[in-house]
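The values are calculated or read from the model by the stated rules, or taken from the named source; none is laboratory data. All values reported here derive from a predicted model rather than from experimental measurement. Cβ placement follows ideal geometry from the backbone for every residue including glycine, while neighbour counts extend to all protein chains displayed.
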Amino acid sequence: MSASDTITSAPGCPSHLEPAIDASVVDPAPFVRIDGKGVARLDLSVHGAHCGGCIAKIEGGLKKLAGIESARLNLSTGKLAIAWAPGAIAPVAITQKLSDLGYRAAPFDPEAAKTEEDKEGRFLLVCLAVAGFASANIMLLSVAIWAGHDGEMGPAARAMMHWVSALIALPAAAFAGRPFYRSAWNALKGGHANMDVPISLAVILALGVSIFETLNHGRDAYFDAAVMLLFFLLIGRYLDHRLRARARSAAQELLSLRATTANRLTADNHVEAVSASLVEPGDRIVLSPGDRAPVNGVIEDGASDVDVSLVTGESAPANLKSGDTIYAGVLNISSRLLMQASARAEDSLVADLTRLIEAGEQGKSKYIRLADRAAALYVPLVHSLALATFLGWFFIGDAGARVAVLNAVAVLIITCPCALGLAAPAVQIVATGRLFKQGVLVKSGDALERLAEVDGIVFDKTGTLTLGRLRIANREQIDVQSLAGAAMLARASRHPLARAIVAEAGAGPLAEAINEVAGCGVEGVIDGARARFGRADWVGAEDAAGASSAAWFAREGAPPVRFVFEDQLRPGAKETVRALDATGLSVEMLSGDREGPARRIAAAAEIDIWRAEMTPAEKIGRLQLLAKEGVKVAMVGDGLNDAPALAAAHASLSPGTAADASQAAADFVFQGEDLRSVLTAHDVSKKARRRVLENFAFAALYNACAVPLAVFGFVTPLVAALAMSGSSIVVTLNALRLSRPGGGGAR
């Protein structure tokens, strides 16, 4: 929350809007802020949202409240951003509505959200361990009972075995099943059903029937079926959580670039340190070398090299002087600057980029995964089948309540979504493991699905198609003495062009009496002669056009020597573009750099469609235009200015050398310099999608064969549990095919 926002409790809403507030619901009124446009805003952490359906339900439910202007949920961070007209609704009514929908909400705190996520992961792991321990021990007892069915075990011994199984199963199922019970209860309270409702019913009914059979000295009990069911489902739930935990908010990474303090010049020319959020338009700010601009503004006095990669994505700094515009987040490199603020912190470039990223992440969160689509069909179908089985046996079959319940439970167990729950996570874990070995980190489970669906690839230029490191392009035209002399000056500078000189010349001595002049270059004394390295007009040379970057070296008594610098194409860039073209994908390049360098790199990489001098918003606009044309685009970028586009694309990839915000926004991060990692990620993603679809097809075939047997009473709950376990094993084995070379099948 910006300190410039007004912290207020929104006025009470009209009496006809006042809800019946649950005392346990958090009142977030102290955390409401009124922005500069007079809109009330509130950020909440929402717990219990897991899929695109949850997003639609939450956003749709809140927008039905009177006065709500917008509600956006980011699934990866759990952050819900709400805006409304002040006084239109009481803030507590928002959290009450979320509670009614079955979700817990609290004021948003990034650290608390991270702690909550870690806590949930540990809890799932403990539940999995308890269910696994209980399953193993109950199965040992069950094997003994099965072996004694031929008369070798008496009723008393069998009853004792059942009671021991109950003593293990009941507390284990009560503890390990809590993730499913809580989710199912919250869903039912909200007036709908989710995948956890039939799971909870199956476990509770299996335990209930087993206790009934044990009390009545029955031959069979199904404690093993109930606990084994939880064990397999918890495997899928934990794997899914681990994949989700890899997704981190790029917006939080980008906000770290926002200066927290500013050196403000007072009316009596004293410098005072103030919070950046307190800077107002018209304030004069002093920027020393190493400072980031806290807000957007105009330079009043001074000249300096400034790192503008946040705006253009280019590694070469720009020289800014009096009258030039400077944006929040850019880094002052060489000399002192005096700037005048033209906007508040919440209206800065960094804030704009943050909002673009959050909008992109929120859009990705709405992606409905294959498993979620299957689940939407599964829940009503299973409930209907189980109910029809019970009613059919009870009324038509005239078999009594016991047989009707046993057959209904068998239907619930045999159709339990173990195979469905493991179908996607098992493949995703194998695929991410295979990609990790090949230097590609997958950050979210649905990233593989989204990358497999893309129709086009959009590349950034600097640092993506190229290495982002300048080198001397005309080395053969430069004599050894000139290179050595330029290096003696360059070793005293941190300018990227100077770094390129040093990289070529290697270690060596420094010139004497060195002085770096901001925006001009470096001068010093070499062997008693004055020498300069920098701009053409500063060293006394006539510049030549056509070079992407150039500098000159001049020594007294010798003609100036021109150094031309250019970025290098990444290894495998041309081959990657050709291979993507061959698969039918469209390829484009979007760059914030000037037209000349962009044209040269596009030609070198054999990319026909390219655009230069694009802002972050223009890159997103291009992606949105392609999306409207029906093209699902994967974005490959590395710069800070690419982070919003990476978040907005259907899928995104970033090199390991990229800015932290870009790596956080990307779905995949690849190591090394070779761009063919993009091909590897796309290939494995397509194969993973094929394995998932095969698993779903098997699960459907399995249910088509097993369900009629359960409905007509040919399957007991025990046999249903064994069949369910077998289907889960088959799904897992099919997923493991992806780890073999070739991936177990063609694309």
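Observations on the structure shown:
- Only one of the listed residues (Lys97, Lys79, Lys64, Lys37) is modelled with pLDDT under 85, buried (at least 20 other Cβ atoms within 10 Å of the Cβ) and charged (D, E, K, R). That residue is Lys79.
- Flag for Phe212 being touching a helix residue (DSSP H, G or I) at 6+ places or on another chain (Cβ under 9 Å), modelled with pLDDT of 85 or more, hydrophobic (A, V, I, L, M, F, W, C) and assigned to a helix (DSSP H, G or I): no
- Filtering the stretch 527-582 to residues that are farther than 25 Å from Thr466 by Cβ and at pLDDT below 85 leaves Asp537, Gly540, Ala541, Glu542, Gly557.
- For first residues located in the stretch 197-225 and outside the structural domain of Val409 (by TED's automatic domain parsing), partners that are among the acidic types (Asp, Glu) and lie 6+ apart or on another chain with Cβ distances below 6 Å form the pairs Ala221/Glu213.
- Residue within the stretch 562-582 that is more than 45 Å from the chain's Cα centre (by Cα) and closer than 27 Å to Ser482 by Cβ present: yes
- Extreme residue, farthest from the chain's Cα centre (by Cα), among residues of the stretch 514-532 that are of a type in the set (Asp, Glu) and at negative phi: Glu523
- Identity of the residue in the stretch 261-280, touching a residue at least 24 places away in the same chain (Cβ under 8 Å) and assigned to a loop (DSSP other than H, G, I, E, B), that ends up farthest from the chain's Cα centre (by Cα): Glu280
- Elements of type helices (runs of 4 or more DSSP H) in the stretch 523-623, at least 3 residues being among the small types (Gly, Ala, Ser): 573-582, 595-605
- Checking Leu625 against (1) in contact with a helix residue (DSSP H, G or I) (Cβ under 9 Å, 6 or more places away or on another chain); (2) without any contact (Cβ under 8 Å) to a residue 60 or more places away in the chain; (3) outside the structural domain of Arg499 (by TED's automatic domain parsing); (4) not small (Gly, Ala, Ser), the condition it does not meet: (1)
- Set Leu738, Leu709: member being modelled with pLDDT of 75 or more and more than 30 Å from Val636 (Cα to Cα): Leu709
- Within the stretch 467-481, residues that are within 20 Å of Ala605 (Cα to Cα) sit with their Cβ atoms under 8 Å from residues that are assigned to a strand (DSSP E or B) and of a type in the set (Val, Ile, Thr), at 6+ positions apart or across chains, in these pairs: Ile472/Val564; Ala473/Val564.
- Count - residues of the stretch 40-61 that are modelled with pLDDT under 80 and among the hydrophobic types (A, V, I, L, M, F, W, C): 5
- Residue that is farthest from the chain's Cα centre (by Cα), among those in the stretch 691-700 that are surrounded by 17 or more Cβ atoms within 10 Å (Cβ to Cβ) and under 14 Å from Ala452 (Cβ atoms): Glu694
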